[in-house]
Every structure is written in C-alpha cells, then in structure tokens.
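Here the structure is laid out as structure tokens; the discussion comes afterwards.
The values are calculated or read from the model by the stated rules, or taken from the named source; none is laboratory data. Note that the structure is predicted; figures quoted are calculated from it, not measured. Using ideal geometry, Cβ is built from the backbone for each residue, glycine included, and neighbour counts are taken over all protein chains shown.
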Amino acid sequence: MSTFIGKSETTRRTLELLRSARLASQNVLLWGAPGIGKTALIRTLAEQEDAELRILIGSVLDPTDVAGLPILSTDENGTPITRSTLPDWAAALNAAAEAGRGAILFLDELSTTTPSVQAALLSLVQGRLVGQHKLHDDVWIVAAANDSSVAADGWTLAPPMANRFSHADYAFDQEDWFDGMRVGFGKENISDSEKEARGLIIAFLRQNIKLISSMPDDPDEAGKAWPSPRSWDNAATHLGYIKDKAVRRVALRGYVGDTAESAYDLWHKALKLPPYAEVIANPDKFAWDKFKTDEVYMILQTVLDNVNKDNIKESANVFEVANTKGSRTDVCAALALPLIETVTGILNSQGIKDRTILLNLFKSYSKELKEADI
C-alpha cells in the first residue's frame, strides 16, 4: 500500500508540527471533529517513517488495557504481592524502540475515556509507566480527541492529563481530501466501478460543500448515519461492489443518511455526460461553457482515469480545449496536477526522461508543472 498525504500548506504545517514534536519527545493532542482524518494522518505518518504504530481507542478502554492485568506473585522473600502484566501494545512498542525503529503510541478518542481510564493514562503519559513497567523513552505518544460536546459519551479531560500535551486544532483541508478521495487514499488496484463512485461523490460534494461533514445536533440522530469525510470514503468503497441502482441508494443512505443521499440522488439523475469516446476523439465539438461545473469535473475525471501511453496527447488536449474554449480554468486546474503526475509516471515506465512533451502539452499549467517538479 502506498501512503497518501495532502500537499496543502495546512497539511504541511501539521506534519511539521508532529514530526518536530516527535524529535523533541513532546506529546501532541490533535483536536477536531469526528471523521475528518486525524487517525488517517497518524497512520500515514507512521507508514512513511516505517514506525511501529499501536492505537488505543478511548471509548473501549478499560484501566487494565492501559496498566495491564493484576496477577498474584511473591517478592524475593516469598511475600505475596500483586504485579501487572505488560500489555501486548506496550511490549510491541518497546521492542520496536529497542531495535532502533520508530515507535508511536496513538491514543485515539481521548475525550471518550472515563475518569478511571484517564487515571491509568496519566501514569502512562506523565511517568511513562505501564503498571510497574516502563515505556521506552523513544516511544512517542500522540493523541486525538473530539470536543466533549460532540464526542460519544464524552468526558472533559482532567487538568493534569490536558497539561501533559501540546494541544493543536486539526484543520481539515478540502482539496487534500478531494485528492485523497480520488485515489482511495493510497489503496492499490481500485476497480473501475469504485473509481466512478469516487468521482461522482467528489463532483457532487464540490457543489454541496456543506454535506462533506454535517453531524446532526440531535444525539439520537448523531448515533445513526450522517455525512463525514470518513463515511463518504467508506461509501465509495462499498459502492464499487454494487451494480443495482436501488441497492446503491440503500447502501449510500446507510453511510451518509437520508438527507445527503436524497440530495445526491437528485443531483445524479440530473447529470448529463457525453460518451468518453466522443470526448477524447473530438473535444472541440462540445460547448464546454454549457456544461455545469460538476459535469465538467466528471468528464475530465473520466479522461484522467483512462489515460495511457497511447492517448497522452489526446487526453491533455481535452483539458486544453475545456480550459480555453469553456473558460473552465478552476475545474481543469483541480485535475491538471493528477494528470501531469499520471503522464509523468507513464513516461518514466517507458524510460522517457525528456520532459519537453510535458511542457508542450501543458502550456496552460505552469503552476502545476512546477508542483510536479517539471
């Protein structure tokens, strides 16, 4: 699996903060709404640095999960005493640290931990103690939390616990998420059906930004399906396996709820897309200024999904025509960098080092060429 990470300035700053905190052996607590990618960011960071990652989820923790199970033993004089076992997560992290690898303990949903669990975690965070065992000095502790007002059965962090972390608001970047959504956040071998589902969801959400994340205020409704970056991603994966339209509606509703699914269904029925074969053969025949923004996005997304070594010139030409004849600069720019990166990968696979072809094909995208280091 290849890791995905966003390229926005927001994401860059967050990663720099996390990496520098790790080097300084300082604990960081990321605050943000549910389902916006806090856990995914830490997973990606661990993968990129080949670090052992263990995740403890606050809402399901028991004090013994943190401090180990108590067992009856004896001291050197034969006096009965109680000791604790070393939890498997701590053993794995200590082993990785002792071997010189990176080791990251991620305390997820920290604001859902009960006071009794917080007490056990305090010894861990403050003194690096797991029961009577010591957590290796090179194990980095990072956490994530939702405000208690939106966390399921949320608890306010005790002041001694809160004071052991550097607190950072996790800013969700829409463009990073759209880029990640398009490629399945690094998944390999995405089916054509899933690619189509992802493209459609992205096109819809670009026109309905508020539905990317819309957690209900009613606690009962918040315990059911509602739209979030995570639920849209999960829905796209599931939709890739469903052909029946009615079943697809039921499946989507199960992830994002009635309101978002109904809006998507109405949007999808109104969508009018020309056949790919006609677009790639003669893009000049279409009145690009008459297409809606989401329709242009889906047309260009289809071109991007089908680019290969034999149609590079034709694919780039579709973007050029849409840009110059339809004034769709905003939409074209959103997909130009992925297209340039895809073409670059094709050229590399062919052993072609000359980048003149890219400079000639993408004259209107100097910014994107620079981002792709062309």
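Does at least one position in the range 233-242 carry a residue that is more than 23 Å from ILE5 (Cβ to Cβ), of a type in the set (Val, Ile, Thr) and in the same structural domain as ALA24 (by TED's automatic domain parsing)?
Checked the range 233-242: no residue is more than 23 Å from ILE5 (Cβ to Cβ), of a type in the set (Val, Ile, Thr) and in the same structural domain as ALA24 (by TED's automatic domain parsing).
Scan GLY78, GLY68 and give me the residue that is free of Cβ contacts under 8 Å to residues at least 12 places away in the same chain, at positive phi and either outside the structural domain of ASP218 (by TED's automatic domain parsing) or aliphatic (A, V, I, L, M) (or both). Write out each step before concluding.
On the way: GLY68 fails: free of Cβ contacts under 8 Å to residues at least 12 places away in the same chain.
Testing whether each residue is free of Cβ contacts under 8 Å to residues at least 12 places away in the same chain, at positive phi and either outside the structural domain of ASP218 (by TED's automatic domain parsing) or aliphatic (A, V, I, L, M) (or both) leaves just GLY78.
Pairs needed: first member in the range 236-262, surrounded by 12 or more Cβ atoms within 10 Å (Cβ to Cβ); second member anywhere, basic (Lys, Arg) and part of a loop (DSSP other than H, G, I, E, B); C-beta distance under 7 Å; at least 6 residues apart or different chains.
GLY257/LYS224
Any idea how many residues of the range 104-150 are more than 27 Å from the chain's Cα centre (by Cα), surrounded by 20 or more Cβ atoms within 10 Å (Cβ to Cβ) and part of a strand (DSSP E or B)?
1
I'm trying to understand the selection: among the residues of the range 333-374, which are in a helix (DSSP H, G or I) and polar (S, T, N, Q)? Step through it out loud before you land on a result.
Taking the range 333-374 and keeping what is in a helix (DSSP H, G or I), we get 333-349, 356-361, 366-371.
THR342, THR344, ASN348, SER349, THR356, ASN360, SER366 - these are the residues of the range 333-374 that are in a helix (DSSP H, G or I) and polar (S, T, N, Q).
Is the range 212-230 home to any residue that is surrounded by fewer than 16 Cβ atoms within 10 Å (Cβ to Cβ) and among the polar types (S, T, N, Q)?
The first filter runs over the range 212-230 and keeps only residues surrounded by fewer than 16 Cβ atoms within 10 Å (Cβ to Cβ), leaving 214-224.
Now drop any that are not among the polar types (S, T, N, Q), which leaves 214.
Yes.
Taking the range 175-206 only, how many residues are surrounded by fewer than 17 Cβ atoms within 10 Å (Cβ to Cβ), out of contact with any Ser or Thr (no Cβ under 7 Å at 6 or more places or on another chain) and part of a helix (DSSP H, G or I)?
Residues meeting the conditions: 2.
Among the residues of the range 70-77, are any of a type in the set (Asp, Glu) and assigned to a helix (DSSP H, G or I)?
No, because not a single residue in the range 70-77 is of a type in the set (Asp, Glu) and assigned to a helix (DSSP H, G or I).
Can you name the condition, by its number, that VAL307 falls short on among (1) surrounded by 17 or more Cβ atoms within 10 Å (Cβ to Cβ); (2) at pLDDT 85 or above; (3) assigned to a helix (DSSP H, G or I)?
With (1) surrounded by 17 or more Cβ atoms within 10 Å (Cβ to Cβ); (2) at pLDDT 85 or above; (3) assigned to a helix (DSSP H, G or I) applied to VAL307, the lone miss is (3).
Give the residue that is surrounded by the fewest Cβ atoms within 10 Å (Cβ to Cβ), with candidates limited to residues of the range 13-47 that are farther than 17 Å from HIS167 by Cα and out of contact with any helix residue (DSSP H, G or I) (no Cβ under 9 Å at 6 or more places or on another chain).
The residue in question is ARG43.
It is to be established whether one or more residues within the range 244-262 are in a helix (DSSP H, G or I) and closer than 29 Å to PHE319 by Cβ.
no
Looking at (1) part of a loop (DSSP other than H, G, I, E, B); (2) in contact with a Lys or Arg (Cβ under 9 Å, 6 or more places away or on another chain), which is the only condition GLN26 fails?
(2) is the only condition that GLN26 fails.
Just give me the residues in the range 347-368 being under 26 Å from the mean Cα position of the chain (by Cα) and either among the hydroxyl-bearing types (Ser, Thr, Tyr) or surrounded by fewer than 17 Cβ atoms within 10 Å (Cβ to Cβ) (or both), in sequence order.
LYS367
Could you list, ordered by first residue, the pairs with Cβ atoms under 7 Å in which the first is in the range 325-344 and under 18 Å from GLN174 (Cα atoms) and the second is at pLDDT 85 or above and surrounded by fewer than 15 Cβ atoms within 10 Å (Cβ to Cβ), at least 6 apart or interchain?
Close Cβ pairs (under 7 Å, with a partner that is at pLDDT 85 or above and surrounded by fewer than 15 Cβ atoms within 10 Å (Cβ to Cβ)) amount to VAL331/THR293.
Filter the range 44-65 for residues that are part of a helix (DSSP H, G or I) and β-branched (Val, Ile, Thr) and give the result. Let's see the steps before the verdict.
Within the range 44-65, the first condition is being part of a helix (DSSP H, G or I), and the residues that meet it are 44-48, 58-60, 63-65.
Within the range 44-65, THR44, VAL60, THR64 meet the criteria.
Does the range 271-281 include one or more residues that are among the β-branched types (Val, Ile, Thr), in contact with a helix residue (DSSP H, G or I) (Cβ under 9 Å, 6 or more places away or on another chain) and not in a loop (DSSP other than H, G, I, E, B)?
yes
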